[in-house]
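As structure tokens, the structure follows; a few thoughts come after it.
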Amino acid sequence: MASAPSKLYADDVSLLMVLLDTNPFFWSSSSLPFSVFLSHVLTFLNSILLLNQLNQVVVIATGYNSCSYIYDSSTSTNQGSDNGRMPARCVNLLQKLEEFVIEDEQLIKEGLREGIASSLLSGSLSMALCYIQRVFRSGPLHPQPRILCLQGSSDGPEQYVAIMNAIFSAQRSVVPIDSCYMGSSNSAFLQQASYITGGVYLKPQQPNGLFQYLSTVFATDLHSRAFLQLPKSLGVDFRASCFCHKKTIDMGYICSVCLSIFCKHHKKCSTCGSVFGQAQSDVNSTSNKKRKTPET
Amino acid sequence: MSCRQVVKRASYKSKIKDPGTPGVLTMTENKFVFRPNDPSSAAKLDVEFKHITGHKNTKEGTDKPPWLNLSDKDRSYIFEFGSFHDLHVCRDFVGNALAKSGEAAKASSAAKPTSAAKTTSEKSGVTLPDEQLSTAEMQLRMKLLQEDSELQKLHMQFVISGVLTESEFWATRKKLLDGDSRTKSKQRVGFRSSMILDTKPMTDGRMNKVTFNLTPEIKYQIFALKPAVHQAFLTLVPSKMTEKDFWTKYFRAEYLHSTRNAVAAAAEAAEDEELAIFLKEDAILASEARRKIRRVDPTLDMEADQGDDYTHLPDHGIFRDGSKDVTELQNELYRRTLSQDLNRQGAVVLQGRTVDVDLEDPRTVAEALMQSRRESDESAEQERLDRITRMTEIEDLQEHHDHPVAQLCIKDPRDYFDTQQVNALKTLDDSRTGTEQKKCSLTTEEAYGSLREAISKIKSIGLKNSTVAPEIAITVLNGLTQNISSTKYQLGKNPQDSVLDSLPNKTKEELLHHWISIQELLRHFWSSYPITTTYLSTKVGRLKDAMSQIYRQLEEIKQSDFRHQVSLLVRPMHQALDAAFQHFDADLQKRAARSGGETPNGNS
């Protein structure tokens, strides 16, 4: 990369990783149509790119079976079929998105669909972090990266470990994860992600005003955020999923060696293989369990 | 129960005015017998309790002697006892006996349902575990439930669903059922407005002797009315004179007043200095009056006002009572005017009873009265100062009063957000209607199809000129502002705001209701320990089931958007329930270990 443009990477240049939830099961039941959602998001992406010449936007689609990069403003050229209705980059993005959706549908295995229709958030988070790591290693000067999750589908407890690992690595590399959750109830994963990484968690009350939310809360670069009062979550749902059945639990058993979480008492930790509770008699362990789960 | 029979000395009267026949009253379980001391007297009685329909008695502390009035359909038996203690013993016995005979009557025949009902309602407070409810009691319960919707909710929840039985539910609310005490305790008895100052002496024509009747009540009123007498009592009794001497002196002075002989009063006062205290104008009252004048609005010109009224002019004034007050000036000191007396009486009556002690001992009454007077003095002084500062300020020279407006200042956004905070969370909740998810079950193909359709739709339409309608944009901005102000400064900032108030009404009511239910259940739960009967153990089992149900409901409330605040409130409830569950389990194990005698190594 030439030295002349890299000098221009001031502290207000951002690299925005947008994780777009394309879960068909969510959008077919959502009160906000996917087309309206897309129009708001596209407008928002345009305005981000207009805010600073050096701003960079990468869009990752979070599908039901797979994830994929569908847009990168640094590589895509502005030439294309600009049909007058929308900028060429939007046309490119939509083209890639359509291809992704078709591929995602082909990946689906019949009969595998269960009640919970959660997207592959852990995958897209990991992809975003990988991209950011590559940017970090490209040189001492780079735009300030941040991740914005536009999520609608509910949490998949089976992804708990993967998502938590992604959150902790984002925390380690000081990348804030902002989240805008469109679903009906709050997302515990995204709340924790934003809380741990110092990002903003927002659940829009007016889905029709999504663009207003995005531009008011999520458009500003990290440097300017220090001067703003952004919405903060009052309470964070810190509940964890157990490692054995992937259930979200309030109280459980923790391995004293590796801190794995279980909803039931086990003789042996399935993660690290530590053997617990040999010295304890059976009477004691049952009474102990009763105390922790009194409603049974 | 322990005593099957009560024997007391009493005198029997057939009417209230009757002088009474002294004798011995014997009460047994089903009848009472009166034997007069004079065996020739005809006032012998032998009455069974089942004929008695009601009983009344005089209250202690009134000027009535200890009377017990038992009445049947057409006559009443009045017994006068030697002391109130005797009366209370007999009254309790009669209460029990009537309750039993009333029940017996009900069980044997329903011939006289009304009289039986009356009996049970008057026995007030005696409830037996599996009682047959009388109609009167039932009505009282219905009325209580109607008056208190919360109680009704609890009743519906626990009694109708069978967690508690009717009698268990009411057993913890005996106070409510005791209708008499409910109404009586609310009203405190004040002073009578009649002038006790002129305690009318009784004279009998034959001897030159004047008798004053003095009761603890009158003593107390005298203390309240005349601070000087009160003061004198505290200093003189019992160091200088006995209480009896004191009151004799006081009434001697009163008598002199009543004769309206100022000259004689002056002469007597000159001889006896203690007597003079009572005859002279009350110094404490006078100073109080002066203080009151000081408390009058300083802008009020009394002199000017005096010109406007005519009371000081002859023939327009109020004279004492027709008789002329012609006295020499030097005896003015010993004269009291009626208007002074009236004013003082009115003031004391309005002030009401300030002390709440046993009236029997005048010394304690006097001291308690002193105490209450001192307290009110200090507050009055402060009030006077406040008044003066308020009244003396001249409006034109004052600055304008600051109105509580928080200015919008970009440098310090906190003020602005604080003002926005008030109803932030509530409006947040109201605007949450749009995000409800539709129930929709599409097949995989349909779902993907609709997604592709949406993409192609936007491709064909393109981006619209205005993505967001201005009205929605402004709602979003307002919502965000309120959100920021509510989340950042909500908790623990303002001591007056409780977390509960910030919750939407539905959640709040739900929480409060759960809390009341838990209290009710826990009260029953803990009161049934230690478990001695199988009845109690089944009751505890029922209670535990109901509590664990509420436990789960609380968990569900916690799932709402206000998880953080709600869990703060729910935690103590869970803790209280956990303690109960733990005790239940421990007790169950202990009892199992005890009953299973064949397991010798079953350590608890």
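The values are calculated or read from the model by the stated rules, or taken from the named source; none is laboratory data. Everything numeric here is computed off the predicted structure, so don't read it as measured data. Heads up, the Cβs are rebuilt from the backbone with ideal geometry, glycines too, and the neighbour counts pull from every protein chain shown. Quick note on the areas: whole protein, heavy atoms, side chains included, nothing else; ligands and nucleic acids left out. Shrake-Rupley method; radii C 1.70, N 1.55, O 1.52, S 1.80 Å.
Out of (1) hydroxyl-bearing (Ser, Thr, Tyr); (2) at pLDDT 70 or above; (3) crowded, with 17+ Cβ neighbours inside 10 Å; (4) in a helix (DSSP H, G or I), the odd one out for residue B:456 is which?
Going through the list (1) hydroxyl-bearing (Ser, Thr, Tyr); (2) at pLDDT 70 or above; (3) crowded, with 17+ Cβ neighbours inside 10 Å; (4) in a helix (DSSP H, G or I), residue B:456 breaks only (3).
Residues being open to solvent by less than 40 Å² (accessible area, probe 1.4 Å) and within 10 Å of chain B (Cβ to nearest Cβ): count how many of those fall in region A:216-260.
6
Pairs, please: C-beta under 6 Å, at least 6 apart or cross-chain, first residue over 16 Å from residue B:289 (Cβ atoms) and in region B:212-230, second of a type in the set (D, E, K, R) and at pLDDT below 75?
B:215/B:63; B:216/B:360
Could you tell me which of the residues B:127, B:62, B:120 is at pLDDT below 75 and farther than 22 Å from residue B:30 by Cα?
Result: B:62 is the single residue among B:127, B:62, B:120 that is at pLDDT below 75 and farther than 22 Å from residue B:30 by Cα.
Working only within region B:536-553, note down all residues that are within 11 Å of another protein chain (Cβ to nearest Cβ) and open to solvent by less than 50 Å² (accessible area, probe 1.4 Å).
B:544, B:547, B:548, B:550, B:551
Output the residues belonging to region B:1-60 that are aromatic (Phe, Trp, Tyr) and either over 13 Å from residue B:79 (Cβ atoms) or surrounded by fewer than 19 Cβ atoms within 10 Å (Cβ to Cβ) (or both). Don't jump to the end; show me each part of the working.
Applying the first criterion (aromatic (Phe, Trp, Tyr)) to region B:1-60 yields B:12, B:32, B:34, B:49.
The answer is B:49, and nothing else.
Name the one entry in A:45, A:49, A:32, A:16 that is within 13 Å of chain B (Cβ to nearest Cβ), open to solvent by less than 50 Å² (accessible area, probe 1.4 Å) and at pLDDT 90 or above.
Being within 13 Å of chain B (Cβ to nearest Cβ), open to solvent by less than 50 Å² (accessible area, probe 1.4 Å) and at pLDDT 90 or above holds for just one of A:45, A:49, A:32, A:16, which is A:45.
Just give me the residues in region A:157-180 being of a type outside the set (Ser, Thr, Tyr) and surrounded by fewer than 20 Cβ atoms within 10 Å (Cβ to Cβ), in sequence order.
Matches in region A:157-180: A:158, A:161, A:162, A:164, A:165, A:168, A:171, A:172, A:174.
Out of all the residues in region B:554-564, is one or more open to solvent by 60 Å² or more (accessible area, probe 1.4 Å) and modelled with pLDDT of 85 or more?
For region B:554-564, residues open to solvent by 60 Å² or more (accessible area, probe 1.4 Å) and modelled with pLDDT of 85 or more: absent.
Among (1) modelled with pLDDT under 85; (2) among the small types (Gly, Ala, Ser); (3) farther than 30 Å from residue B:166 by Cα, where does residue B:528 come up short?
Going through (1) modelled with pLDDT under 85; (2) among the small types (Gly, Ala, Ser); (3) farther than 30 Å from residue B:166 by Cα one by one, residue B:528 breaks only (3).
Look through region A:172-189, keep the residues that are of a type in the set (A, V, I, L, M, F, W, C) and within 14 Å of chain B (Cβ to nearest Cβ), and return whichever of them is nearest to residue A:130 (Cα to Cα). Full working, then the answer.
The first filter runs over region A:172-189 and keeps only residues of a type in the set (A, V, I, L, M, F, W, C), leaving A:174-175, A:177, A:180, A:182, A:188-189.
So of that shortlist, the ones also within 14 Å of chain B (Cβ to nearest Cβ) come out as A:180, A:182, A:188.
On the way: A:180: 21, A:182: 25, A:188: 23 Å.
Step by step, filter region A:172-189, then rank; the result is A:180.
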